[in-house]
Each structure stands twice: as C-alpha cells, then as structure tokens.
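S.K.: Handing you this structure, nothing more for now.
The values are calculated or read from the model by the stated rules, or taken from the named source; none is laboratory data. Please read all numbers here as calculations on a predicted model, not as lab measurements. Every residue, glycine as well, gets a Cβ built from its backbone with ideal geometry; the counts of neighbours run over all protein chains shown. Side chains are part of the model used for accessible areas, which takes the heavy atoms of the whole protein and leaves out ligands, DNA and RNA. Shrake-Rupley method; radii C 1.70, N 1.55, O 1.52, S 1.80 Å.
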Amino acid sequence: MKEEILRLLREADGYVSGQELCNRFGVSRTAVWKAINQLKDAGYEIEAQQNKGYHIKSAPDVMNEPEIKSILKTKWAGQEMMYFDTIDSTNTKAQELAEKGYPSGTLVVADQQVSGKGRRGRGWVSPSGTGIFMTLMIKPDINPNNASMLTLVAALAVAKAIKDVTQEDAKIKWPNDIVVNGKKVCGILTEMSAQFDYINHIVIGIGINVHNESFPEEISSVASSLMIEAGGKKFRRAEIIARTMLHFEKYYEIFLQTEDLSKLVGEYDELLVNKNKSVKVLDPKEPFEGKAMGITPKGELIVDTWESRKLVSSGEVSVRGIYGYV
C-alpha cells in the first residue's frame, strides 16, 4: 500500500484526500494515517491539511521497493523486484531467482554488496549508502552469440539515465564503462547461462558510484562518483534506477527487432568517449594501437591502424587521455 500511496501522491496535482486513499485501498482512515506516518518516519516530507488531505513535498534518498516502484514507468523491466540492505552479489541473487522461475525483467537492488564482482574476476567496491548495485535478469529468445551486445544496450541506458537525472554529460568507454569528465562512475557485468543454441537467462549487473566522497588510492586517478563530478550535489538513487530501467526497456525492444545494434549505432557512437581518440588494444596475441572510429552493428569497436581497419570484439581497450594506458 505504501508504494501505491507514494505513486498517488506524486501523480496528484495538489492534495489527495484521506477518504480517497481509504476508498482506493479499502482500508480505514487509521490504516492510511499509519502508512503515512511510516513514510514520514522513513524520511518523506508529507504535508497534511484538514479538509484537503496529503501532499508530498520531498523524498529521501532511499532505494527500497516501495520508493522505486512508485516512480517506475516501465511495462516489465523492474516490475518484479527484490531489495536488500546488504547482499553478497546482486548478480548471484539474480541468477538464483532465474533458476527458481522468476520472470524476465526481475530486478535485484542492494544498498551494499560484500562480494561485488567486476569484469575478469575483479572485485567491485560496494559501500553502504553511496552507490547503486543492481542486476536485471532477462530471458531473451535470441542467439547466444548475440548476447554480448546487451552489455552495450545497458551502457547506453545507464548513460542516458545519468544524463536525465544529473544533467552531467555521461559518456561510454567501450564496451561497458560509463565515464563523467573522464572518470569512471559505472561498471557493467553481463553473465549468461546457456545451452548450445538456447539461453536460459542473462543477468546484467550495474554498479554506479553516486555519493562516494573518496576512493582507494589505487583507483582514485580513474574512478569518481556522480556527486564528486557534480560539485557535491546529491541525487536520489531510486530515480537513477527508474530511468535506467525505462531506457533499457526501450533500447532492448529496439535491439530485439534486428537482434543487433544496427538501429542503435548512431546513439551509441554519439556517447562513445573513445571515438576519434587513440586507443591501445591489449590483444593477447599482439597488442596494437590505432584510432577508434565507432562501433559496428555487432557491437565491435572499429579501430583504424596505420596499416588496416580492425574490428575488436573482446579484450581490454585502453584509451589515451581517459584512463591512460592501463
């Protein structure tokens, strides 16, 4: 009921009467009053006026299920949701839920991870009260060979969501880092469970640094948070989550039309911080340098070297002037 009360208060142009809430939920005025007080205790500023009703003035930075669902505007992405104050890994939990039969679009959100995962087995710093740690589980009917492109779809969605909420110019470092002012603020880890030509499920883990004030020395030169890059301004994390889900749903449905990025290349390239910059591709066989020219419809990075054009489908890419050659 709290989720629906929040939604009604947010959608209302003015006040919502207590009687209207009673009728809507089939409960007593006392039950409504208790729910309103619980929301106030959670940090919501709700004004109550006799003969007018209730009006929401401000909301705290909370990421629980009622808050996120009250502002979610998707058809399916995130409509099934689980929130945890602390969890080992949202990717691990999302995989468990997939195996238990939870529907495609299930979202796992946590305030803190104790065993967060990054690419290539790296850890992901996940302190409480500062970031967004979430995983979207989907069950697409696509060729498993095309699944890696969903990481780029997610990157596009996150970059757009960050721009919507913060007004900061979020860019993408191919394939899956989101950068603001040249510093990494988000990482994305996509994992798949498949059998031959059939996908059981895919989990897309997204970690966003929102209110971090500092970082360990070994990553302080490359990592930052939205708050730092916005000059100390704070943001409501639930709003970033809701906008990410909205954009992902839109871009994912476009992706499914062709099962590639052909209709998204233009938007992705506009946000590609690597574009027209020198890159070093750390190919295990033979590293090479060149200029990044954009992506192909398959999500490969186009790199022009002095001798030829090469397409990079995997491996680490280091960008001169962004993180340095790392």
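S.K.: State all residues of the stretch 29-38 that are touching a residue at least 24 places away in the same chain (Cβ under 8 Å) and touching a helix residue (DSSP H, G or I) at 6+ places or on another chain (Cβ under 6 Å); if no residue qualifies, say none.
M.R.: Across the stretch 29-38, the qualifying residues are 32, 35.
S.K.: Pairs under 8 Å by beta carbon, first residue within 13 Å of residue 21 (Cβ to Cβ) and open to solvent by 80 Å² or more (accessible area, probe 1.4 Å) in the stretch 40-56, partner at pLDDT below 95 and not in a strand (DSSP E or B), six or more apart or different chains?
M.R.: 52/14; 52/15; 52/17
S.K.: A follow-up question, please. Filter the stretch 169-180 for residues that are touching a helix residue (DSSP H, G or I) at 6+ places or on another chain (Cβ under 6 Å) and at pLDDT 95 or above and give the result.
M.R.: Listed by number, the residues that qualify are 170, 171, 172, 178, 180.
S.K.: Under 7 Å between Cβ atoms, which residue pairs at least 6 apart in sequence (or on different chains) link something in the stretch 108-119 that is of a type in the set (Asp, Glu) with a partner that is modelled with pLDDT under 90?
M.R.: Listed by first residue and then by second, the contacts come to 111/63; 111/128; 111/129.
S.K.: Please determine, by comparing only the residues of the stretch 238-249 that are of a type outside the set (Asp, Glu) and in contact with a Ser or Thr (Cβ under 9 Å, 6 or more places away or on another chain), which one is most open to solvent (accessible area, probe 1.4 Å).
M.R.: Only one residue fits best here, namely 246.
S.K.: Within the stretch 11-39, which residues are at pLDDT 90 or above, open to solvent by 50 Å² or more (accessible area, probe 1.4 Å) and within 31 Å of the chain's Cα centre (by Cα)?
M.R.: 38
S.K.: Taking the stretch 181-223 only, how many residues are part of a loop (DSSP other than H, G, I, E, B) and of a type outside the set (A, V, I, L, M)?
M.R.: Of the residues in the stretch 181-223, 14 are part of a loop (DSSP other than H, G, I, E, B) and of a type outside the set (A, V, I, L, M).
S.K.: On to the next question. Do you know which residues across the stretch 95-113 are within 14 Å of residue 245 (Cα to Cα) and in a loop (DSSP other than H, G, I, E, B)?
M.R.: 104, 105
S.K.: Could you list, in sequence order, all residues of the stretch 261-276 that are surrounded by fewer than 16 Cβ atoms within 10 Å (Cβ to Cβ) and either at pLDDT below 95 or outside any helix (DSSP H, G or I) (or both)?
M.R.: 262, 263, 276
S.K.: Follow-up. Have a look at 302, 295 and point out the one that is touching a residue at least 12 places away in the same chain (Cβ under 8 Å) and buried (at least 17 other Cβ atoms within 10 Å of the Cβ).
M.R.: Working: 302 fails: touching a residue at least 12 places away in the same chain (Cβ under 8 Å).
That would be 295, the only listed residue that is touching a residue at least 12 places away in the same chain (Cβ under 8 Å) and buried (at least 17 other Cβ atoms within 10 Å of the Cβ).
S.K.: Residue 279: within 20 Å of the chain's Cα centre (by Cα), at negative phi, in contact (Cβ under 8 Å) with a residue 12 or more places away in the chain and surrounded by 13 or more Cβ atoms within 10 Å (Cβ to Cβ), yes or no?
M.R.: So residue 279 does not fit the description; no.
S.K.: How many residues, within the stretch 65-94, are open to solvent by less than 50 Å² (accessible area, probe 1.4 Å) and outside any strand (DSSP E or B)?
M.R.: Going through the stretch 65-94 one residue at a time, the tally reaches 16.
S.K.: Further, regarding this structure: Could you run through the stretch 134-159 and say how many residues are assigned to a strand (DSSP E or B) and at pLDDT below 95?
M.R.: So the answer is 0.
S.K.: Which number in (1) among the small types (Gly, Ala, Ser); (2) part of a helix (DSSP H, G or I); (3) touching a strand residue (DSSP E or B) at 6+ places or on another chain (Cβ under 6 Å) marks the one condition that residue 48 misses?
M.R.: Result: residue 48 passes all but (2).
S.K.: When you scan the stretch 198-219, how many residues do you find that are open to solvent by 30 Å² or more (accessible area, probe 1.4 Å) and either touching a Ser or Thr at 6+ places or on another chain (Cβ under 9 Å) or under 20 Å from residue 101 (Cα atoms) (or both)?
M.R.: Final tally of qualifying residues: 5.
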